[in-house]
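The values are calculated or read from the model by the stated rules, or taken from the named source; none is laboratory data. Predicted model only: the values in this text are computed from it and were never measured. Cβ: placed from backbone, ideal geometry, glycine included. Neighbour counts: every protein chain shown. SASA here: full protein model, heavy atoms, side chains in, ligands and nucleic acids out. Shrake-Rupley method; radii C 1.70, N 1.55, O 1.52, S 1.80 Å.
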Amino acid sequence: MIWYPYEQMKTMKEPYEIVDAEGVYLYTKDGSRLIDSISSWWSTIHGYKHPVLTEAITAQAEKFSHVMLGGLTHEPVKKLAAKLEEWLPGDLDYCFFSDSGSVAVEVALKMALQYHMNKGDKERTKVLSLTNSYHGDTFKAMEAGDDEDYHFVLEAYGKNENVVHIPTEIPELEKAFDEYHDSLNSFIVEPLLQGAGGMLMYDVSFLERARELCDEYDVLLIFDEVATGFGRTGNRFVADLVQPDILILGKALTGGYIGHAVTVADHKVYDAFYSDDPDKALMHGPTFMGNPLACSAALKSIEVFEEEDYMSKISDITRIMRREMADFTDPRIKEIRIMGGCICIEVKDSSVLKGFREFAYEHGVFNRPFLSYMYAMVPYIITEEELVHVLDTMKAWFKCDY
């Protein structure tokens, strides 16, 4: 029996069974065709069954599907590392691959702690993070996050004294650095857009000030762009605006075709590990890191992103969202937020969204609201007509008698 994610198995609704998928559409066993308005948890930026990505995976599978990176290497991982070194801003050049975003976060946090240990400082045990943050469901990632709706299990351990959470307000940021700078090893953020915390959006000036403070106090700045990378905020990467010391990518890294992630370090971080001393090595090694199928998909995904000018596609998506939602109001809505390829309608009472998943299904849209948030993060290949249909379905929910 399948144990499904984020569900009480005793009371969960029957999931929709998918038998095929192409473009922005999911095809169900009962014959329905649904626009996937959330891109399979924000990952399938090229939609489904993209011929270029499919061919890349198939061609690699005919050679070999996987070999470990311990003592071995292969062309797809070397090419992907070289491409990311070329493609990412500044000196974010050193790629440590893993098999999921959560693991990539674990690697980043471990890397930040050991960075200071390798420099002879074992007192920098604290991590600064944001309120309402989400960094994954593995244990250290949960601790760095601040989402009790997902991570209430940590109540059994009590408050973690090594994690400090602050809101996205510059005075609170400065206060935290003033109080904790001697014990902080890193500051981890979802830059500009906090996903599972409610699609919360904030200004780049907060990140600019964070960069200044991290430089002043030798604290590593970590950007968790697992969700925000590859254009979702309207920027290629938020790291293009403010460069972190460590960048984490996942989800859309492979176009959503195979699970894979990467933790990318700058020269300062890497140099703290580069030594004749074996104790200064990063002792971490996910079995499927640098998987050849995933690397082949990622290379082609980046190629398509560049050649088909996806940043223009994202700009069009933003424009259409703003146009279609410009005059839309409802007394039950707290706020409508739009950034890049993301729209969120936050309601005042979560009960307002009860039944929307089924309503959307009946209107040819797959959507999965959570808590008080109805949102869409569409594939970038979506047409204007398809996007308007998604937005009309969201608006129609507030007009219907339910």
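Tabulated data for the structure shown
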| read-out | value |
| --- | --- |
| Whichever residue in the range 86-106 is part of a helix (DSSP H, G or I) and touching a strand residue (DSSP E or B) at 6+ places or on another chain (Cβ under 7 Å) and, among such residues, is nearest to LEU253 (Cα to Cα) | GLY101 |
| Count of the range 349-392 residues which are open to solvent by less than 60 Å² (accessible area, probe 1.4 Å), under 22 Å from LYS29 (Cα atoms) and either polar (S, T, N, Q) or outside any loop (DSSP other than H, G, I, E, B) (or both) | 11 |
| Among (1) open to solvent by less than 60 Å² (accessible area, probe 1.4 Å); (2) in a helix (DSSP H, G or I), the one test that TYR134 misses | (2) |
| Long-range neighbours under 6 Å by Cβ, at least six apart or interchain, first residue open to solvent by less than 70 Å² (accessible area, probe 1.4 Å) within the range 266-279, second among the hydroxyl-bearing types (Ser, Thr, Tyr) | VAL269/TYR115; ALA272/TYR115 |
| Residue in the range 142-158 that is exposed (fewer than 15 other Cβ atoms within 10 Å of the Cβ), at pLDDT 95 or above and either of a type in the set (A, V, I, L, M, F, W, C) or touching a Ser or Thr at 6+ places or on another chain (Cβ under 8 Å) (or both) present | no |
| Residue that is farthest from LYS110 (Cα to Cα), among those in the range 258-273 that are under 15 Å from the mean Cα position of the chain (by Cα) and part of a loop (DSSP other than H, G, I, E, B) | ILE258 |
| Criterion violated by GLY31 - all others in (1) closer than 30 Å to GLY364 by Cβ; (2) of a type in the set (Gly, Ala, Ser); (3) surrounded by 13 or more Cβ atoms within 10 Å (Cβ to Cβ); (4) without any contact (Cβ under 8 Å) to a residue 12 or more places away in the chain satisfied | (3) |
| Pairs with Cβ under 6 Å, 6+ apart, first in the range 283-309 and farther than 17 Å from GLY101 by Cβ and of a type outside the set (Lys, Arg), second part of a helix (DSSP H, G or I) and open to solvent by 60 Å² or more (accessible area, probe 1.4 Å) | LEU299/LYS79 |
| Any hit, the range 55-64, residues being closer than 19 Å to ILE248 by Cβ, of a type outside the set (Phe, Trp, Tyr) and open to solvent by 50 Å² or more (accessible area, probe 1.4 Å) | no |
| Residue within the range 317-337 that is part of a strand (DSSP E or B) and in contact (Cβ under 8 Å) with a residue 40 or more places away in the chain present | yes |
| Qualifying positions in the range 1-58 - under 21 Å from CYS344 (Cβ atoms), of a type outside the set (A, V, I, L, M, F, W, C) and not in a loop (DSSP other than H, G, I, E, B) | ASP36, SER39, SER40 |
| Selected residue (criterion: least open to solvent (accessible area, probe 1.4 Å)) from residues of the range 313-339 that are under 19 Å from PRO369 (Cα atoms) and under 22 Å from the mean Cα position of the chain (by Cα) | MET321 |
| Subset tally (residues that are farther than 21 Å from LYS49 by Cβ and of a type in the set (Ser, Thr, Tyr)) for the range 3-29 | 3 |
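The rows are residues; the columns are (1) outside any loop (DSSP other than H, G, I, E, B); (2) open to solvent by less than 10 Å² (accessible area, probe 1.4 Å).
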| residue | (1), (2) |
| --- | --- |
| GLY198 | no, yes |
| SER205 | yes, no |
| GLU208 | yes, no |
| ARG211 | yes, no |
| ALA227 | no, no |
| GLY231 | no, yes |
| PRO244 | no, yes |
| ILE248 | yes, yes |
